1. What are the residue pairs meeting all of these: first residue in segment B:68-84, first residue within 20 Å of B:K111 (Cα to Cα), second residue surrounded by fewer than 16 Cβ atoms within 10 Å (Cβ to Cβ) and modelled with pLDDT of 95 or more, Cβ atoms under 6 Å, and 6 or more apart or on different chains?
2. B:S244 - would you say it is of a type in the set (S, T, Y) and at pLDDT 95 or above?
3. Exactly one of (1) modelled with pLDDT of 95 or more; (2) buried (at least 16 other Cβ atoms within 10 Å of the Cβ) is unmet by A:K341. Its number?
4. So for segment A:231-242 (the condition being within 7 Å of chain B (Cβ to nearest Cβ), under 30 Å from A:I295 (Cα atoms) and either in contact with a helix residue (DSSP H, G or I) (Cβ under 7 Å, 6 or more places away or on another chain) or free of Cβ contacts under 8 Å to residues at least 60 places away in the same chain (or both)), does at least one residue qualify?
5. Which pairs turn up if I take residues in segment B:303-326 that are under 17 Å from B:Q281 (Cα atoms) and surrounded by 11 or more Cβ atoms within 10 Å (Cβ to Cβ) and look for partners that are modelled with pLDDT of 95 or more and among the polar types (S, T, N, Q) with beta carbon separation below 6 Å, at least 6 apart in sequence or on another chain?
6. Please give the helices (runs of 4 or more DSSP H) falling wholly within segment B:238-345 in which 2 or more residues are out of contact with any strand residue (DSSP E or B) (no Cβ under 9 Å at 6 or more places or on another chain) and under 29 Å from A:L254 (Cα atoms).
7. Taking the residues in segment B:171-227 that are assigned to a loop (DSSP other than H, G, I, E, B) and surrounded by 24 or more Cβ atoms within 10 Å (Cβ to Cβ) as candidates, determine which candidate is farthest from the other protein chains (Cβ to nearest Cβ).
8. Would you say B:K149 is surrounded by fewer than 18 Cβ atoms within 10 Å (Cβ to Cβ) and either in a loop (DSSP other than H, G, I, E, B) or not assigned by TED's automatic domain parsing to the domain that holds B:E38 (or both)?
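The values are calculated or read from the model by the stated rules, or taken from the named source; none is laboratory data. This one's a predicted model, so the numbers in the text were calculated from it and none came from an experiment. When we count neighbours, we look across all protein chains shown, and the Cβ atoms used for this are built from the backbone with ideal geometry, even at glycine.
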Number of protein chains: 2
Amino acid sequence: MYTTSKERMTEKITAFSKFGALEGGGITRLSLSAPALEARAEFKRRTEALGLTVVSDDIGNIYATLPGSDPDAKRIVVGSHADSVRSGGNYDGIYGVLSGLEVIETVVTDKIPHRHPLTVMIWTNEEGARFEPAMMSSGIVLGKFEKEKMLAVKETGGQTTFGEALRSSGWVGDAKNRLNKEEYLAYFEPHIEQGPVLEEQDLEIGVVGGVVGMVNYDIILDGVASHAGTTPQTYRKDALRAASKVITDLWEQLGAIDPELVFTMGEIFCKPNIHTIVPAQIKFSLDARHRDMGILDKVVSVIKGLPTEVLGCTLYYDEHWGRKTIEFDAQLLDFVEGATKELGYTYKRMYSGAGHDAQYVSELLPAVMIFIPSKDGLSHTTVEYSTPEQTWHGANVLLNAVLKADSAL
Amino acid sequence: MYTTSKERMTEKITAFSKFGALEGGGITRLSLSAPALEARAEFKRRTEALGLTVVSDDIGNIYATLPGSDPDAKRIVVGSHADSVRSGGNYDGIYGVLSGLEVIETVVTDKIPHRHPLTVMIWTNEEGARFEPAMMSSGIVLGKFEKEKMLAVKETGGQTTFGEALRSSGWVGDAKNRLNKEEYLAYFEPHIEQGPVLEEQDLEIGVVGGVVGMVNYDIILDGVASHAGTTPQTYRKDALRAASKVITDLWEQLGAIDPELVFTMGEIFCKPNIHTIVPAQIKFSLDARHRDMGILDKVVSVIKGLPTEVLGCTLYYDEHWGRKTIEFDAQLLDFVEGATKELGYTYKRMYSGAGHDAQYVSELLPAVMIFIPSKDGLSHTTVEYSTPEQTWHGANVLLNAVLKADSAL
């Protein structure tokens, strides 16, 4: 087994934490902002210093490639993103880039033989925090979003378009450099878990089998607005009372379906939302995720089976977008699991509840993800943290899984 | 028994419905706005035509007085307001003014003998829809609000102050004209019920014993924000789930206290209110009203007895303003009840759940209110409605109650 350098891995995290650093910790490094461009420049400097060739494609995705021994072999690529949400942390996204960089630095420094070229890449605008939607560039490459429409997207709360930010970044390259199946063989994306499971179960690695499927609904209750002082309780049609009952019932019914089902009622809107008026309408969101689409069908059945009248109020729902479960590549999963076992790390096979660029890439190339623990399960916050040991273990798994792919494919 | 004219009563409602009329029905007649000034001018024209003397005080309250046979007797006054909320109806407030006007017109026309002078008055800015707070002018007269502070209040969504609007209205009179106990004897305020009780119980008149007491709280649940996709249900501290349980429990516990207790959770705020994030905080309002302060003490006990932890979330509360129950004058109540009985109208003794100028006046003079039914219990809406029969019955009760006061006091 090969191992990366724990010291170098930690130094990389520390070095990149400066770009967009906030007083008190964490970063704001919105896509294509000044600190994001500093991070890109540092990535270019470090990869070129290691002898890698750096190119970008027409939407600013960066690819840094180390040649292999076989000039005809396809590339193995490690990718993630370098942008953050507002008041984000030092691990989400950038850890995937830096563990890929550490793997290649190890290969270069330790002169590890490999047949395939090895690429480490940065996706532009994964978070969607400055330019919506999230996973914009992998979505463009995979034909999920129209490029022209995306270039016209204005930044949230401002006037600059994604296209303008891209042009002034200096990172617009050739469209033929886009990730493609003619030149690339396999895609790895290490990431922090962003949830509490690995930490709670005292495990070191998540071998990520895919991204869970998802359904999204709005559930609406229509009552009747009336005066808080003059309407006896028995005459009321109170939408908040009815919604409270429905939310409680949904927790019970959905909670009984499967222990791995996650469901969230994260948004609630009340009309007219005045303390002296009985609520006339409540609308709340329901987001449910599971890797087994059969389980999500059960969720949909529960929603469709909700009574149309609750405590005098009318219940109805709007279905929003969903996604089918994404299954990652079985062979790459075996490489990741094999490497983890051989390194002696504890692990579990799991699914990602959050979306990642890997889910789009998996439609183009064999793809897989590797998770490391997140302290207290926290992400998208300045206190996001994984220990030096954890970031190093993830890099070691990545290194050996990549080398297994290099040998086998 | 004397009776007013149903035709004249209906004509008055129709005539004043023009001032601020909205296409499709209802009115917007914000305090001291152009349509409110038109209504005041029409009131002055009509009262002067009947031989009344019209004066105003320093905050634009208008008093129109018909002399009685005894020059030394104190005045009996009927009052309410002529302003409306935005998209309000043709009855709230103005019905009290116009039924008073109809009573005096009947006294004049039918030459009904009376010892006391009879006054009908308009309070400035009862609704508080343009200048907060509600019941501003009766509040100033009773020392609840400082006049200078009120004059400086800017209109909601604009720059004009109450003082500026008052000066340009032409209705600023002498402070010595304010309602006072040296010159006035008793106060009557007819009003629509603004609730469904009289209509549902098929009653014609509400003999209003007072204004119910009230407590106001915010109840807050603190959970922990976490990712909708990556946080298993068992790890969650979901503030909306907890709030739903508390709201359901409160309906059960408060609903068991007393059938006449009204309580409302009308406002709810969620943080961060994003559909992919578990709610970190829910804050909701609780407004509870009852004429028996002992019942409200039980409400407070229920709130103070709420558990401090609910489904992993921390519960706490903020107490806001409240008011003690206002009891109207027992003798005036007997006059109203006696008049109602003699007229053969069905009625009930009840309390007002909403606030009215009468509640402040009751601290200065013996005061009482008379309710007539509101169609479907609706008020503060363009479809607010009471039938010509109902408005006439209310005026008849008012006339005979005033005459009883005139004889007895």
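1. Close Cβ pairs satisfying both conditions: B:G68/B:R115; B:S69/B:R115; B:D70/B:R115; B:A73/B:R115.
2. On the way: of a type in the set (S, T, Y): yes; at pLDDT 95 or above: yes.
In short, yes.
3. With (1) modelled with pLDDT of 95 or more; (2) buried (at least 16 other Cβ atoms within 10 Å of the Cβ) applied to A:K341, the lone miss is (2).
4. Yes, segment A:231-242 contains at least one residue that is within 7 Å of chain B (Cβ to nearest Cβ), under 30 Å from A:I295 (Cα atoms) and either in contact with a helix residue (DSSP H, G or I) (Cβ under 7 Å, 6 or more places away or on another chain) or free of Cβ contacts under 8 Å to residues at least 60 places away in the same chain (or both).
5. Qualifying pairs under 6 Å: B:L315/B:T308.
6. The helices (runs of 4 or more DSSP H) meeting that bar are B:239-255.
7. B:L179
8. No; evaluated as a whole, the condition is false for this residue.
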